1. Taking the stated definitions as given, is B:Q112 out of contact with any Gly (no Cβ under 8 Å at 6 or more places or on another chain), surrounded by fewer than 22 Cβ atoms within 10 Å (Cβ to Cβ) and under 20 Å from B:P164 (Cβ atoms)?
2. Which residue pairs have Cβ atoms closer than 8 Å, lie 6 or more positions apart in sequence or on different chains, and pair a first residue in region B:37-52 that is of a type in the set (A, V, I, L, M, F, W, C) with a second residue that is open to solvent by 20 Å² or more (accessible area, probe 1.4 Å) and not in a helix (DSSP H, G or I)?
3. Taking region B:72-95 as the search range and keeping residues that are among the small types (G, A, S) and under 14 Å from the mean Cα position of the chain (by Cα), which one is farthest from A:E177 (Cα to Cα)?
4. Being among the β-branched types (V, I, T) and open to solvent by less than 100 Å² (accessible area, probe 1.4 Å) is the filter here; which residues of region A:1-40 pass it?
5. Among the residues of region B:60-78, is there at least one that is surrounded by fewer than 19 Cβ atoms within 10 Å (Cβ to Cβ) and closer than 16 Å to B:I156 by Cβ?
6. Within the bounds of region A:171-192, is there any residue that is among the acidic types (D, E), surrounded by fewer than 19 Cβ atoms within 10 Å (Cβ to Cβ) and more than 9 Å from chain B (Cβ to nearest Cβ)?
7. With under 20 Å from the mean Cα position of the chain (by Cα), modelled with pLDDT under 95, part of a helix (DSSP H, G or I) and more than 15 Å from A:V100 (Cβ to Cβ) as the only criterion, which of A:L195, A:L150, A:L199 stands out?
Amino acid sequence: MPKIDTADGPVWQRRRTSKQRLIWFGWLIAVAIAAYAWHLISEKTIWFFVWDAPQQMVDISRRMVPPAWSYMDVLWKPIWDTLNIATIGSMISMAIAIPVAFAAAHNTTPHKLVRAFALLIIVATRSINSLVWALLLVVIVGPGVLAGTLAIGIRSIGGCAKLLYESIEEINQTQVEAIEATGASPAQKMIYGVLPQVLPTFAGVGVFRWDVNVRGSTILGIVGAGGIGVQLNGSINTLAWTQVSMILLVILVAVILSEWISAKVRHAII
Amino acid sequence: MLRLENVLKRYKTGDVALKNVSLEIPDGQVIALIGPSGAGKSTLIRCVNRLVEPTEGKIYLGDTELTTLPPRELRKARRRMGMIFQEYALVERLTVMENVLSGRLGYVGFWQSFFRKFPKKDVQEAYRLLDRVGLMHMADKRADELSGGQRQRVGICRALIQDPDLLLVDEPTASLDPKTSRQIMRLINELCDERGLAAIINIHDVLLAQMYSQRVVGLKEGEIVYDGPPDGLKPDVLTEIYGEEDWEATIEDVDEDEEEASSK
């Protein structure tokens with residue numbers, strides 16, 4: 001940091017004056033770009049619709065109340081399906097993610113190439129949204145709960161495996177060394193040295209992912225992959241707004257419930 | 001008997017941690033390995049059980065040449081060398097009993113160890129050892145519930161249950177208070193005596209080294225600069241090992257056992 005000697009002793013400032021000017025100039029450019037972008041967006045916006053928005057919102061809200069309480073009779077089955085999609089999907093993804101994570105962590109991977117392949121699986125499954133997976137799977141296995149479950153399962157592999165392998169890489173290596181020093185085999189090293197250290201994280205990741213998946217699986221029905229999204233899509237298309245509000249309410253309750261459960265479970269483990 | 005012949009270790013970074021170290025340790029001898037941080041003490045004992053692979057040289061345990069052993073044979077050889085660590089290195093989420101029994105992993109199969117079905121003989125030996133170090137009542141506690149001194153005693157049990165010929169001890173007292181340090185050092189000493197074990201003990205504390213060993217080896221920048229009896233550590237020797245300092249206060253005549261008798 002620059003120290004400037006003056007007549008009354010040294011003065012200190014955070015940056016050199018020239019560097020400080022450069023930074024201000026950078027800000028100026030950023031603001032200019034933002035202003036230009038705003039201009040472009042504004043040109044392509046039909047402002048009439050935007051000014052109209054509050055009125056439309058009030059209108060839709062009015063049509064949504066009261067929710068169609070009796071519609072609940074129809075919703076029990078789809079919300080149950082949704083929860084099952086999330087639960088079984090999460091199980092599938094954890095079952096695949098655990099071996100992938102061990103292959104991806106640099107301290108447990110058997111070989112560099114295996115690690116590269118595992119990382120590829122992680123990136124590939126994560127980068128495609130579950131809706132897109134569902135679209136593909138509806139074509140492959142047909143519409144319904146199975147497509148949704150597989151979509152959630154595949155989509156979650158990467159997310160789970162990433163968290164898992166990071167936790168594997170953070171373990172205390174001397175504990176593993178100590179096990180190795182007893183003459184333990186590589187497999188024994190795994191179950192005595194590594195597994196006890198990562199098991200709590202594994203359980204936490206599983207529950208966290210389940211919670212995420214409950215939210216994710218509510219939407220899958222829109223592309224025909226089962227669950228409550230099917231009803232949501234149908235109700236919106238038929239402009240049955242009281243049903244839509246009822247469905248949103250049910251989803252809200254399900255999500256709150258799943259978050260509460262996952263928080264409780266994680267609290268109990270960690 | 002353990003014999004090191006011209007052992008050299010060069011790390012990937014290019015640092016040479018050991019420069020042609022030759023050392024011979026007869027059966028049943030307890031030696032203290034002293035030297036400043038970075039002298040290569042840890043590297044030396046890790047080369048013996050090959051947690052660190054020596055770059056050059058040969059190491060013999062009895063008639064077995066350790067440096068060229070294939071993995072399976074190496075694991076067998078490791079059973080004969082118990083290791084005790086500075087930070088205890090217990091698996092913290094396992095119980096005390098599981099930690100002690102993990103010393104038998106080299107002897108039991110995978111599924112046996114997976115389901116914790118250790119032979120009755122091993123379990124009895126584990127209880128006997130825990131009793132010997134005064135931790136019988138802690139057997140079912142989780143390792144992270146124990147104090148430092150207690151953990152180190154569990155570490156000692158884990159090493160001893162291997163039924164080794166040799167103990168490799170890496171800074172056993174560095175994380176302990178002075179009193180516990182002495183208790184642990186005395187315990188290691190007694191146990192080596194009872195079982196006729198040889199031991200290499202890495203240790204910072206010159207006084208402890210003098211009190212609890214039959215022979216002291218001084219290491220400096222990867223080379224042995226002193227090898228002799230504990231009372232041969234005169235100021236000029238310590239200056240040779242550690243560098244210039246006033247050593248008179250450190251090597252007060254070694255009068256042992258002024259502290260309270262035995263462990264709690």
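1. Judged against the criteria, B:Q112 is not a match.
2. B:A39/B:K220; B:A39/B:E221; B:C47/B:K9; B:C47/B:E53; B:C47/B:P54; B:V52/B:K9
3. Ranking the candidates gives B:G82 first.
4. A:I4, A:T6, A:V11, A:T17, A:I23, A:I29, A:V31, listed by residue number.
5. no
6. Taking every residue of region A:171-192 in turn, none turns out to be among the acidic types (D, E), surrounded by fewer than 19 Cβ atoms within 10 Å (Cβ to Cβ) and more than 9 Å from chain B (Cβ to nearest Cβ).
7. None of the others qualify; the one that does is A:L150.
For (1) within 20 Å of A:W210 (Cβ to Cβ); (2) in a helix (DSSP H, G or I); (3) open to solvent by less than 60 Å² (accessible area, probe 1.4 Å), each residue gets a yes or a no:
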position	(1), (2), (3)
A:S70	no, yes, no
A:V74	no, yes, no
A:I79	yes, yes, yes
A:I85	yes, yes, yes
A:M94	yes, yes, yes
A:P99	yes, yes, no
A:I121	no, yes, yes
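The values are calculated or read from the model by the stated rules, or taken from the named source; none is laboratory data. In this text, all values refer to a predicted model and were calculated from it rather than measured experimentally. Virtual Cβ from ideal backbone geometry, glycine too; neighbours counted across all protein chains shown. Side chains are part of the model used for accessible areas, which takes the heavy atoms of the whole protein and leaves out ligands, DNA and RNA. Shrake-Rupley method; radii C 1.70, N 1.55, O 1.52, S 1.80 Å.
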